[in-house]
Amino acid sequence: MGGRIKVLLGVLLALMPVGVAFAHANLLRSEPAAGARLDGSPQEIRLWFSEPIEPAYTQVRLLDSSGQSLPTGDLRVLPGDGTAVAVGVTSPLGQGIYTVAWRAMSRVDGHITEGSFSFGVGVAPPRTGSVTGAAGNPLEAPLRAAVFILAASLVGGAFFWLLVQRADWPETVALGVALGLQLAVLLWTLVWGVAAGGPERLFETVFNTQLGRVFIARNVFALGLVLSTLWGPVARLGIGIAFLGTISLGSHAAATVDPLAVFIDWAHLVGAAAWAGGLMRLAVFAWSGRGQKIDWGQVVGRFSNLAMVAVAVIGLTGLYRAWQELGELPALIDTVWGRLLLVKTAAVGLALLLGIFHLVRWRMRAGAPLGPVRLSLGAEAALLGAALVVSGPLTFNPPARTELLERPVRLAGQAGEWGYELEIRPGRVGDNEVVVRVRPPRPDARVQAVFVRFRMTDHEMGEVEVVPDPAGPDEFAAQTSQLSMVGNWEARVIIRPQGDYDRIGRAAFQLKEPALPVAPGPPVPPWMLGTAGLWTSGLLIIATSLLGQKSGTERRALAGLLLILAGSAVFFYFANRSEASLPGLGEQVPLVNPVPADEASLARGQALYQAYCVSCHGPQGRGDGPNAASLPVPPADLAVHVPAHSDGELFRFIANGLRGTPMPAFKDRLSEEEIWHLVNYIKTFGRYETSYAPNRAGD
């Protein structure tokens, strides 16, 4: 029965990616935009980041085409949530190409990012888009790994003493490991501080930044672990768990608005320490306990119970964080973070298989572990140690979701005998650059014009058109903010050859969500509460039954595992439905407004619009309100979008907000009748007419 439970746990772990994923303070957009061609010199340069930044450790430099730095004003933080900065351009820029080089420190987790982009004054710059990457000292990754391994051995050893066998680490070993941990944490602090602010500002960086203060607390708890060697394993367990909490407080889980993120990250670390560190102690105990009278069946059974609880905690918390940070399953192969996660999961999976072997071995043949078994115990501990080592670069690199957001959409296809490549940068909601490169069927063929028409296939919204300007031989480019919603889109590329009819090609793509600054999300949907209830119930049943050592233990543990698997099934079913992230989307809403659009309704709707909407959407709904420039995603042009939706869809957008945009939910502030009045009013805005009706020949 115990073997079957471990197999089920293995399945559960395979379904739940193990690891904690983090983000970075990435550049979302800028003014001037990357690749922009300006008619005159800008007065200032503005940058918007995905997380609040530390202004004292953020730099923005302006360079000319020869690489010389140009004078700029002091960096200032724009009003708002601390994610936007600006520097003034003190001298007018002449015609030429200019580069903006920036370096930023996240106020939340201290990760350092840097990048650059170019724009032109009077000329078009090279179309390379913006470049962003993680900065910092590469020594941080191995230091993180060392801290994980040393902390796990101390915490796991204390768990082993408390729940498995009263056999603690020898005092000299515990003291040596604790001193090693203290040294690793101190070096990590110094390496981070020097990379963030330079050696001359090290003291200021550590004491005057949010992450610096977390590092101070981390060093204090590491010192407590050194002193705990005098107080015993119980004190070491409490201080060690608190130490792991400081790691979570300095992670990107602290950058999210999810109130559970830091706690779940902490639980993940505690579960990993209990399993990996406890296994290290068991492997050493198997060698040091040779010749002693020890009931190895009891030892292995109790450790197996501890490991099963730890694996369940690791799997559930890893699933939750991976769901938030992975983005999509292909990212496991397509991104560095995803491949690291696969390596870590493979190491954990192999360790789990060895654990099942050890449990079955002792069930079939009682007695002290033989030499090969002791070696395989060491191998299992080494695999978990390898997983902790991979956690170093895994937590240092940006997560898969962030890496994917930095990749543009690239499509290739045929429009008749003409080939084309369509690139959309950055390929997410908001401002995008659309570049079309055409391949003529013969050397003398010439292109008169190119048009791109976009249509969202998830909703019936009509088409929006982009008319790129010539940007080079057989290359056309344009800026657009018309791609304003996450989901599946279709692009129609219309190539107009000189003296010939239009050729039309089609390509489908998915528009990604913007890397928005941290903002409150919608209420927790019922399906997620149900999932949490099933998971919590299963974990409680497993913990109380396995650690209680009573009859019927394995049956109750199996029942708990089934509850966890049921919760996982609910989670995967709803999490993969696009509607699941919008609570209330399944409610019945009339397609037609039940409130007549009479004079009283329009007057009430106008008053509500002035109170809640005009600051972003503007007086005529064109997306040009006074707050529009400060938003990471431009507000929708209601004159374009309103006619493309039914009254019921407009009601839902207002009530629930729009996922992937700053549009908030108003159902807690407005009554249903007030929302219907607002729908009546915004429908009065003028309709949008396309600038060009393409020739349908060949369509």
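The values are calculated or read from the model by the stated rules, or taken from the named source; none is laboratory data. Here the structure is a predicted model, which is why all the values come from computation and not from measurement. Cβ: placed from backbone, ideal geometry, glycine included. Neighbour counts: every protein chain shown. When the accessible area is computed, the model is the full protein with side chains, heavy atoms only, and any ligands, DNA or RNA have been set aside. Shrake-Rupley method; radii C 1.70, N 1.55, O 1.52, S 1.80 Å.
The accessible-area ordering, largest first, of the residues Trp192, Trp169 stands as Trp169, Trp192, per a 1.4 angstrom probe. Taking θ as phi - 60° and the Karplus parameters 6.51, -1.76 and 1.60, the scalar couplings of segment 424-434 work out to 10, 10, x, x, 9, 4, x, 5, 9, 9, 10 Hz in sequence order, x denoting glycine and proline.
Going by accessible surface with a 1.4 Å probe and the largest first, Trp296, Trp231 read Trp231, Trp296. Using R₀ = 35 Å, calculate the FRET efficiency as 1/(1 + (r/R₀)^6) where r is the Cβ-Cβ separation of Ala242 and Gln510; round to 0.05. Step by step, r from the Cβ atoms, then E = 0.25. In this label model, Ala569 and Ile216 are separated by 5.2 nm, measuring between points 7 Å along each Cα→Cβ vector. What the Cβ-Cβ distance of Gln479 and Leu260 gives, at R0 = 35 Å and to the nearest 0.05, is a FRET efficiency of 0.35.
Multiplying the residue separation of Arg76 and Ala412 by 0.36 nm and removing their Cα-Cα distance gives an extension gain of 116.7 nm. If the segment from Glu31 to Asp64 were pulled out straight at 0.36 nm per residue, it would be longer than the present Cα-Cα gap by 10.2 nm.
Model label points for Val123 and Glu673, set 7 angstrom from Cα along the Cα-to-Cβ axis, are 6.5 nm apart. Each Lys and Arg Cβ is given +1 and each Asp and Glu Cβ -1; about its Cα centre, segment 625-678 then shows a dipole of about 240 debye. Taking a Cβ cut-off of under 11 Å around Val679, the surrounding Lys, Arg, Asp and Glu residues balance to a net charge of -3, with basic ones at +1 and acidic ones at -1.
Relative contact order of segment 133-213, taken over Cα pairs closer than 8 Å and 6 or more residues apart, is 33 percent. Label separation (Ile333 vs Asn627): 4.4 nm, computed from points 7 Å beyond Cα along the C-beta direction. Hey, with R₀ at 35 Å, roughly what FRET efficiency would Val614 and His459 work out to, going by the Cβ-Cβ distance, to 0.05? With R0 = 35 Å, the Cβ-Cβ based efficiency is 0.90.
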